[in-house]
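Report on one structure; see the data block that follows.
The values are calculated or read from the model by the stated rules, or taken from the named source; none is laboratory data. What you are looking at is a predicted structure, and each value in this text was computed from that prediction instead of being measured. Quick reminder, even Gly has a Cβ in these numbers, built from the backbone with ideal geometry, and neighbours come from all protein chains shown.
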Amino acid sequence: MIEAPQFPPLFSGEVVPAPVDPFDKAVSQAIAGIDAGTIFYSEGLDSLRAALVLAPETPLEDAIQAVYVVQLGLAESLGALAPAEVPVQFQWPDRIKVNGAVCACVRFAADVSAPRAQPNWLVIGIEVAFMPSSDEPGEHPDQTCLYEEGCGDIAPMALLESWSKHTLWWLTCFMDSGFERVHREWRARCDSLGDRVDQPKTGLLVGLDDKGRMLLRHGGITETLSLIDFAEPAARTLGAMTPSTGKPSAEKHHAKSPRAEKMSTDDTRGSL
C-alpha cells in the first residue's frame, strides 16, 4: 500500500486514478473553480506526475515566473533526497536534468495568453521519470531516470511530499520579494548559460531578463522568448477530459515522457 504524502499548510492533495493525467485533471478543476493550492497527483511507481493549481493576482507575464519557482522546488527536493554528488540542472524552458541527462519536465497552462492579462488560474505540473522506459541501456543517452542515476531509494510519494514543501517555500519567497532571488537561483542551475543552444531556437543563451524571458543572441541580434509561448493551450488540455466523468477522451493528447524520444524544436511547447 502506498503511503499518502503529507502536504504543508496551504496545500492539499487529491489522488488521480489511472489512466487520467493529473495535469489534465488539474486544468479541468481549475476551470471549475477549485481552490488554489490543490495538488493533483498519480500514485505510479515508475514516474511521478503531479500538478499544482494557482490563482495569480498579477498579470500573466509576472505570474508565469512561478514556473521557475516550481523548477527550483523540484531541484531542491531532488537535492535533499538524492546522493550528494548527483547534480540537478535546468534546460530552458521546461527540462530538468540529472547528471547531465533529461530526467524530468514541467508543464504549464493558464486561462489567458496575453502577457498583460490577469489569469484566473495557472496550473504547473511536473513529470519525473523513476524507472527506465526501455530495456535497452543507452538507447537514449540524452535521457535518464532516477533509478539509473543511483536514486533508486527515492519513492515517488516521498519526492512529491518534499517537492510540495520546497515549492511552497519558494512561492512564499517569490510572492514576498519578487523574481530577483528566484532568477538568481535558477541561473545558477542552468546548464547552458553562455553557451550556444539549438532548442527551442538556435543561438547564444545570454540569460533571462527581469520578466523571466529567455535572452537569445544570434546574428548580432538579441531576441526574447517568453515561457508564455510554451504554455499548453487550455482548450486542448480540457478536450482530453470528458466533462461528466473526468476520464480521458478518445482525443486525449499524450504528452511525451522525458525519456520517450529525443527532443525536437516542435515538441518543446510546454510538454515533452
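For the reader, a short list of remarks on this structure follows.
- Screening the candidates 4, 30, 51, 18 for the property of being surrounded by 22 or more Cβ atoms within 10 Å (Cβ to Cβ) and closer than 30 Å to residue 152 by Cβ yields one hit, 51.
- Residue, nearest to residue 231 (Cα to Cα), within region 40-69, restricted to residues that are touching a Leu at 6+ places or on another chain (Cβ under 7 Å) and part of a helix (DSSP H, G or I): 67
- Residue 115 being modelled with pLDDT under 95, assigned to a loop (DSSP other than H, G, I, E, B) and in contact with a Ser or Thr (Cβ under 9 Å, 6 or more places away or on another chain): no
To keep it simple, each residue is scored yes or no on (1) among the β-branched types (Val, Ile, Thr); (2) surrounded by 22 or more Cβ atoms within 10 Å (Cβ to Cβ); (3) over 22 Å from residue 36 (Cα atoms); (4) in contact (Cβ under 8 Å) with a residue 40 or more places away in the chain.
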| site | (1), (2), (3), (4) |
| --- | --- |
| 87 | no, no, yes, no |
| 93 | no, yes, yes, yes |
| 100 | no, no, yes, yes |
| 109 | no, yes, no, yes |
| 117 | no, no, no, yes |
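- Filter result for residue 96 (more than 23 Å from residue 207 (Cα to Cα) and either outside any strand (DSSP E or B) or of a type in the set (A, V, I, L, M, F, W, C) (or both)): no
- Here residue 21 clears all of (1) touching a residue at least 24 places away in the same chain (Cβ under 8 Å); (2) within 26 Å of residue 117 (Cα to Cα); (3) charged (D, E, K, R) except the condition numbered (2).
- Flag for residue 107 being among the basic types (Lys, Arg) and farther than 23 Å from residue 190 by Cβ: no
- Considered as a group, the residues in region 178-237 that are among the aromatic types (Phe, Trp, Tyr) and not in a loop (DSSP other than H, G, I, E, B) include one that is surrounded by the most Cβ atoms within 10 Å (Cβ to Cβ), and that residue is 186.
- Per-region count, region 150-177, residues out of contact with any Phe, Trp or Tyr (no Cβ under 9 Å at 6 or more places or on another chain) and either under 16 Å from residue 95 (Cα atoms) or surrounded by 20 or more Cβ atoms within 10 Å (Cβ to Cβ) (or both): 4
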